[in-house]
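To start, the structure under review is shown below, and the notes come after it.
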Amino acid sequence: MKLLTYEIDGKERIGVLNDEETWVYPASAAEIEYRNMKEFIREAGESEMEMLDCIRRRPPYEVPGAAPIGDIKILAPIPVPDQDVICLGINYAAHAEESARFKKEAFRKDTERQAVYFSKRVNRAVDPEGGISAHRDLTSQLDYEAELVVVIKKDAVNVKREEVKDYIFGYTIMNDVSAREVQTGHKQWYFGKSLDNFTPLGPWIATVDSIPFPPKQAIRSRVNGELRQNSNTELFLSSIEDVIVELSQGMTLKAGTLIATGTPAGVGMGFDPPKFLNVGDVVECEIEGIGVLKNTVVE
Ligand code: MG
């Protein structure tokens, strides 16, 4: 099941895609009334998920408020996250190699076994089809990173490995846009990852049960139609279980937390010469079983 945040008649709503992914049905059609996706994730129970799963199979003429997908504006599924996104760096071996080739001292991983965590500020996520700001005053090394994002369902503390799936609401796609010289010019990556309009998110959330666990999904990116990244999420160095077990030992992961699981090889800095982004470039990030997140670089 795919849940989305969208705008119609100037109002933000949450809804579910129908089976054919051609219509959007508002959650209100199943008498589910939450202000936004964050509240839905926190408050909704199994019965509400089942109701949505039920209505999405109906024909549109039976669903009040149904709208063809072309008639709505799809927003980032969580447009304003409550907290920074938790990110993994260097979580695919081939990306570790290309990053070290680009700038060894900035991307060295101290031990093979420890995950690299950093955080990314998101004042507002970029909507699907929305613009990535080029920030040309700050960077001439604008780069893309297709990533699988895990959305936490309920507050997670001391999670056991076999229970990890119970804490996951679903998955979405993020483009971890990065200004490389800002990222590597400081000891911490935070600033270079956190500029305004650097976090395209979406196009929607695929619920945890819609993808076998742990996810072994093809992950790709394209720039102006040219395939750049082409890998699979089974190649994570630190798995989703590793990450949630480790972080929840000492840090409550609140419902609605976004964890970006790192990007595979094929980012712009990995090419020789590098292929950084320019204004007008169209970046597509695709994950099997979720969809395609498409954004254009703007001034
Ligand atoms: Mg990243």
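Every condition in (1) open to solvent by 80 Å² or more (accessible area, probe 1.4 Å); (2) outside any loop (DSSP other than H, G, I, E, B) holds for Glu20 except the one numbered (2).
Results for (1) out of contact with any Lys or Arg (no Cβ under 7 Å at 6 or more places or on another chain); (2) on the phi > 0 side of the Ramachandran plot; (3) surrounded by fewer than 15 Cβ atoms within 10 Å (Cβ to Cβ), shown as yes or no for each residue.
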{"residue": "Ala106", "(1), (2), (3)": "yes, no, no"}
{"residue": "Lys120", "(1), (2), (3)": "no, no, no"}
{"residue": "Ile132", "(1), (2), (3)": "yes, no, no"}
{"residue": "Asp137", "(1), (2), (3)": "yes, no, yes"}
{"residue": "Phe169", "(1), (2), (3)": "no, no, no"}
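Residues considered: Ile259, Ile244. Of these, the only one that is touching a Phe, Trp or Tyr at 6+ places or on another chain (Cβ under 9 Å) and buried (at least 16 other Cβ atoms within 10 Å of the Cβ) is Ile244.
Can we say Ile173 is within 28 Å of Ala44 (Cβ to Cβ), within 14 Å of the ligand (Cβ to nearest atom), open to solvent by 10 Å² or more (accessible area, probe 1.4 Å) and touching a residue at least 24 places away in the same chain (Cβ under 8 Å)? Spell out how you get there, then give the answer.
Values: within 28 Å of Ala44 (Cβ to Cβ): yes; within 14 Å of the ligand (Cβ to nearest atom): yes; open to solvent by 10 Å² or more (accessible area, probe 1.4 Å): no; touching a residue at least 24 places away in the same chain (Cβ under 8 Å): yes.
Criteria not met by Ile173.
Here Glu226, Glu299, Glu246, Glu241 are screened, and the one residue that is out of contact with any Pro (no Cβ under 6 Å at 6 or more places or on another chain) and within 30 Å of Gly15 (Cα to Cα) is Glu241.
Condition check for Ile290 on (1) farther than 26 Å from Ala115 by Cα; (2) under 16 Å from the mean Cα position of the chain (by Cα); (3) among the β-branched types (Val, Ile, Thr): one failure, at (1). Residues of segment 139-167 that are among the aliphatic types (A, V, I, L, M), over 24 Å from Leu3 (Cβ atoms) and open to solvent by less than 10 Å² (accessible area, probe 1.4 Å): Leu142 alone. Scanning segment 192-206 finds one or more residues that are out of contact with any Ser or Thr (no Cβ under 9 Å at 6 or more places or on another chain), modelled with pLDDT of 95 or more and within 14 Å of the ligand (Cβ to nearest atom).
Residue count for segment 75-104, restricted to those that are crowded, with 21+ Cβ neighbours inside 10 Å and more than 15 Å from the ligand (Cβ to nearest atom): 5.
The values are calculated or read from the model by the stated rules, or taken from the named source; none is laboratory data. What you see is a predicted model; the values in this text were computed from it and never measured. Please note: Cβ atoms are built from the backbone with ideal geometry, for glycine as well, and neighbour counts cover all protein chains shown. For the accessible areas, the whole protein counts, side chains as well, though only heavy atoms, and no ligand, DNA or RNA atoms are used. Shrake-Rupley method; radii C 1.70, N 1.55, O 1.52, S 1.80 Å.
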